[in-house]
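Only one structure is covered here, and it is reproduced in the block below.
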Amino acid sequence: CSADTDMADQSDTIVALATPAGTSAVALVRLSGEACARVAAAIFGSTPPPRVASYRDYRDRAGELVDDVLVTYFPGPRSYSGEECLEIATHGNPLIAGRVVEDLIARGCRAAEPGEFTRRAFLNGRLDLAQAEAVMDVIHARSERALAVAGRQLRGALGRHLASMTDELLLALARVEAYIDFPEEDLPAEDRAVVRTTLANVLRGTQQLLATRHYGELLRDGIKTVILGAPNAGKSSLLNCLVGRDRAIVSAEPGTTRDYLEERIQLGSHGLRLIDTAGLNPDPAVVERMGMALTAERAAEADLVLWVRDITAPCPALPPEIQARLHAGNTVVVLNKVDLADGASGSDERARANLPPDWPVVRISTVTGAGLADLAHVVGNLADRFRPDGDDQDLAVNARHADALGRASDGLTSALAHAEANGPTELLASDVRAALEALGEIAGKFDNELMLDRLFKTFCIGK
């Protein structure tokens, strides 16, 4: 193995723990590089058969038994990284895994940098760049929906979608450039109708993908769901019910929550960032006023709002700046304390006063749990509305993709304007090439070493 620590040098054989640090049933040590077969033969007496888990004793360079392990050898290019790989499964004591890694480094392997295994997979053509990013999305997915979308991207759905668009653009560019490269050939009169149609189709597809950015942010970060209402309406109790533990202090004294609390939960197939806020008191004290200012800030950033109202008491009006942001598409009116309202004439009418008829309303009790399943169903339906329509509904781009798509959209818009105005062919071709280059950045069909360094250093060690 080489001692060179340059991440761009693929001649090294790298090693890292591929499972999280800490005690577990099993720990997995991963190697990648041209020395894998030789290292395996030196440790185990022979190179294990390809892609078959073999039970062996692991002895260090001094001949001392470290552990009994399962070892699997993957010859390149049919491996995760596209080069020789070795995976050694030890017992999950961190001391054992650490000794194995130290012994492999002593044998000449190099400790892997963050993301280096996946970087090698990209450089060796095993993954495109969008798939490489999806590796981390799969690892960190916080909901079933996020996991499903990340899994599709890992299997190449975004790359295939972009490849189809790129192929269309390449054909259009070939048509255009034929008249630049061979002006004296006996070519038929230039007909830009086909080019205009192609540019319009690809521009529409680019903008549809670009529109999935917010959905991608929601999948990765969770749907920001703000719980607001009057003091003592049951906001913190609702947070505790949804989280499944006593996360917030609950008291009969109004105004217990002065700051905001945030917790992540999975509700159905969606990941939510629940934010419990200070009560909206029409006559606040100084500290309450500070908490209400934070409530207004969180409400302004919210994707969804759970407006909790005490069904047994009149509800004070919301501050105008908050009221203006609420509508049927982002707000669920939660009528709490139904266990106290039974037989209380007119309580529903007071609680629902001045509500538009299309706003979703759910009656619950945070004491008995009544209505919580209905609330989850209604919130899930609202969350589903963030999912894009059309063929791109199972794709979700990230900020890097969106930047490239924005530049591709600009290039296509300019190219289409030149095509429709019968503008210079050279300018039309230049715009199409700019769009192709931008789309190529998403899958990694370009050379930008600094960008690759930044991207893969966000990965965890062993990936």
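Between T23 and A37, the modelled label-to-label distance comes to 4.1 nm, taking each label 7 Å out from Cα in the direction of the beta carbon. In this Cβ point-charge picture (+1 for Lys and Arg, -1 for Asp and Glu), region 20-101 has a dipole of about 100 debye about its Cα centre.
Assuming charge only on the beta carbon of Lys and Arg (+1) and of Asp and Glu (-1), the dipole of region 387-446 about its Cα centre is about 180 debye to the nearest 20. Applying 1/(1 + (r/R0)^6) with r as the Cβ-Cβ distance of E262 and N422 and R0 = 56 angstrom yields a FRET efficiency of 0.50.
Summing charges over all other residues whose Cβ lies under 12 Å from the Cβ of V15, with Lys and Arg as +1 and Asp and Glu as -1, gives -3. Each listed q (0.11, 0.20, 0.21, 0.22 Å⁻¹) maps to a log10 I(q)/I(0) for region 1-131, found by the Debye formula over equal Cα scatterers with no solvent: -0.35, -1.17, -1.29, -1.39. Stretched out straight at 0.36 nm per residue, the stretch from R204 to W359 would grow longer than its current Cα-Cα span by 52.5 nm.
For region 94-106, backbone phi angles converted through the Karplus equation (6.51, -1.76, 1.60; θ = phi - 60°) give residue-by-residue couplings of x, 5, 5, 4, x, 5, 5, 4, 4, 5, 5, 5, 5 Hz, Gly and Pro being listed as x.
Rounded to the nearest 0.05, the FRET efficiency derived from the C-beta distance between A111 and Y55 at R0 = 30 Å is 0.65.
Spin-label model, R155/H214: points 7 Å from Cα along the beta carbon direction are separated by 2.9 nm. Once the chain from L340 to S164 is taken as fully extended at 0.36 nm per residue, the excess over their C-alpha distance is 57.4 nm. Highest average first, the peptides 413-420, 382-389 ordered by how many other beta carbon atoms sit within 10 Å of their residues are 413-420, 382-389. A Förster radius of 45 Å combined with the Cβ-Cβ distance from R78 to V243 puts the calculated FRET efficiency at roughly 0.50.
A short reminder: the numbers here are calculations on the coordinates, not readings from a lab. On a predicted model such as this, the values are computed, not experimentally measured, just so you know. Positions of Cβ are generated from backbone atoms using ideal geometry, with glycine treated the same way; all protein chains shown enter the neighbour counts.
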